[in-house]
Amino acid sequence: MKTKAFRAALPYTLPICVGFLFLGMSYGFLMRSQGFSFVYPMLMSLFIFAGSMEFVTANLLLMPTFQPLHAFLLTLMVNARHLFYGLSMLDKFQNLGWKKPYLIFGLCDETFSIHCAVPPPEGVDRGWFMFFVTVLNQLYWVAGATLGALLGYLIHFNTTGIEFVMTALFVVMFLNQWEERKDHRPALIGVGCTLLCLLVLGSDHFLLPAMGLIILCFLWLRRRSPQEVSP
Amino acid sequence: MTILQQVLTVAAVVLGTMTTRFLPFLLFPEGKQPPAFIRYLGTVLPSAVIGLLVVFCLKDAVFTSWHGLPELLGILVVALLHRWKKNILLSIAGGTIFYMVLVQMVF
């Protein structure tokens, strides 16, 4: 059962492996270049396991003043999107026993996107499938961060543009769910609201407003056609 | 900062991250049915959030001198490859290599 689930999960995580190794290594390299030992990126990637916030935390650690409350609140803001990930997974994570807390702990953007877009293949245990997706993704990230700190500066080839692998991944996920669902309004609302907020508010402050706007759109959509059962 | 202060700062970040991840599950434990609108959100949000993440990836590109043109071309290649072969790895690798060539040699 475990082997089958592992084999089913692995291919979906490979693109994330490439992306996480690259991003993780840049993160590890950055930490080391700022004077931290490799233990920092290794443990931070293991326990925080939220990419963008780990980059931010590197800056927090370099500040002269000690402000844990500020760090906590900042994290809530940066990671607020995870609240919505959790809400979308309430049903999927039901009845999974000890795996459930770990699945929640490891629910990063990329893992979430697989949970959303890839239903476990027929005959494969749902819990183990999601467990291996989560474990593999975390393994890639921690390995990348640690390797980056240890070896990052030894790598000499032009990697400009390789970060596009993440964009490509999300685009593929987007296309998959587009074909699976009849109602395209949720996807269009997601793209439209976020693009609007990005163009109006700029790249630093658009994420939370975009989420608010998306929720408002769904409130409106739901009120307009309350009897409608969604996809 | 001392090492202890650094550890506490990282702990605060871990606590913040875990709050955002565990809160929905603590508010709506198994067996406790969330309100209808929350359940509705659960069905429509995944599609919307993937759309959000696509735009999120483009957040810096939009404001560069090319206004995201290389990224749009890359996305076009990903979409065409995906429509053609339906192979996740091929679409992603093809699109990324195309984009890398584009930003390293053309733009």
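I'm told A:LEU73 meets every condition in (1) over 19 Å from A:TYR102 (Cβ atoms); (2) surrounded by 15 or more Cβ atoms within 10 Å (Cβ to Cβ) except one. Can you identify the failing condition by its number?
Here A:LEU73 clears every test but (2).
Looking only at residues that are among the charged types (D, E, K, R) and within 7 Å of chain A (Cβ to nearest Cβ) in the range B:12-51, which one is least open to solvent (accessible area, probe 1.4 Å)?
Among those residues, the one meeting the criterion is B:ARG21.
Which condition number does A:TRP98 fail, the rest of (1) buried (at least 17 other Cβ atoms within 10 Å of the Cβ); (2) closer than 27 Å to A:PRO119 by Cα; (3) more than 17 Å from the chain's Cα centre (by Cα); (4) of a type outside the set (D, E, K, R) being met?
With respect to (1) buried (at least 17 other Cβ atoms within 10 Å of the Cβ); (2) closer than 27 Å to A:PRO119 by Cα; (3) more than 17 Å from the chain's Cα centre (by Cα); (4) of a type outside the set (D, E, K, R), A:TRP98 is out only on (1).
Residue under question is B:PHE107, and the condition is that it be at the interface with chain A (Cβ under 7 Å from one of its Cβ atoms) and open to solvent by 50 Å² or more (accessible area, probe 1.4 Å); does it hold?
No, not satisfied.
Going by what's in this entry, would A:PHE49 be described as assigned by TED's automatic domain parsing to the domain that holds A:ALA143, in contact (Cβ under 8 Å) with a residue 40 or more places away in the chain and aromatic (Phe, Trp, Tyr)?
yes
Yes/no per residue for (1) of a type in the set (S, T, N, Q); (2) touching a Cys at 6+ places or on another chain (Cβ under 6 Å); (3) farther than 27 Å from A:LEU60 by Cβ:
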site	(1), (2), (3)
B:THR9	yes, no, no
B:LEU15	no, no, no
B:LEU23	no, no, no
B:LEU26	no, no, no
B:GLU30	no, no, yes
B:ALA48	no, no, yes
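In a helix (DSSP H, G or I) and more than 13 Å from chain B (Cβ to nearest Cβ): is that true of A:VAL135 in this structure?
For A:VAL135, the condition - in a helix (DSSP H, G or I) and more than 13 Å from chain B (Cβ to nearest Cβ) - is met.
Would you check which residues across the range A:172-187 are facing chain B (nearest Cβ under 7 Å), over 14 Å from the mean Cα position of the chain (by Cα) and part of a helix (DSSP H, G or I) and list them?
Across the range A:172-187, the qualifying residues are A:VAL172, A:PHE174, A:LEU175, A:GLN177, A:PRO186, A:ALA187.
I'd like the full set of residues that are more than 8 Å from chain B (Cβ to nearest Cβ) and in a loop (DSSP other than H, G, I, E, B), limited to the range A:76-109.
A:LYS92, A:LEU96, A:GLY97, A:TRP98, A:GLY106, A:CYS108
How many residues, within the range A:49-68, are in a helix (DSSP H, G or I) and either modelled with pLDDT of 85 or more or not polar (S, T, N, Q) (or both)?
11
Would you pick out the residues in the range A:197-207 that are open to solvent by 20 Å² or more (accessible area, probe 1.4 Å), in a helix (DSSP H, G or I) and within 11 Å of chain B (Cβ to nearest Cβ)?
A:LEU199, A:LEU201, A:LEU207 - these are the residues of the range A:197-207 that are open to solvent by 20 Å² or more (accessible area, probe 1.4 Å), in a helix (DSSP H, G or I) and within 11 Å of chain B (Cβ to nearest Cβ).
Give me the residue from the range A:13-48 that is in a helix (DSSP H, G or I) and polar (S, T, N, Q) and, out of that set, most open to solvent (accessible area, probe 1.4 Å).
Filtering the range A:13-48 for residues in a helix (DSSP H, G or I) gives A:13-33, A:39-47.
From what's left, polar (S, T, N, Q): A:13, A:26, A:33, A:45.
Values: A:THR13: 0, A:SER26: 44, A:SER33: 80, A:SER45: 0 Å².
Here the answer is A:SER33.
Collect the residues in the range A:81-108 that are in contact (Cβ under 8 Å) with a residue 40 or more places away in the chain and touching a helix residue (DSSP H, G or I) at 6+ places or on another chain (Cβ under 6 Å), keeping them in residue-number order.
A:PHE84, A:GLY106
Taking the range B:1-11 as the search range and keeping residues that are facing chain A (nearest Cβ under 7 Å) and among the polar types (S, T, N, Q), which one is farthest from A:MET173 (Cα to Cα)?
By that ranking, first place goes to B:GLN5.
The values are calculated or read from the model by the stated rules, or taken from the named source; none is laboratory data. The model shown is predicted, which means the values in this text are computed figures rather than measured ones. Every residue, glycine among them, receives a Cβ derived from its backbone with ideal geometry; neighbour counts consider all protein chains shown. All accessible areas refer to the heavy atoms of the entire protein, side chains included, with ligands and DNA or RNA removed. Shrake-Rupley method; radii C 1.70, N 1.55, O 1.52, S 1.80 Å.
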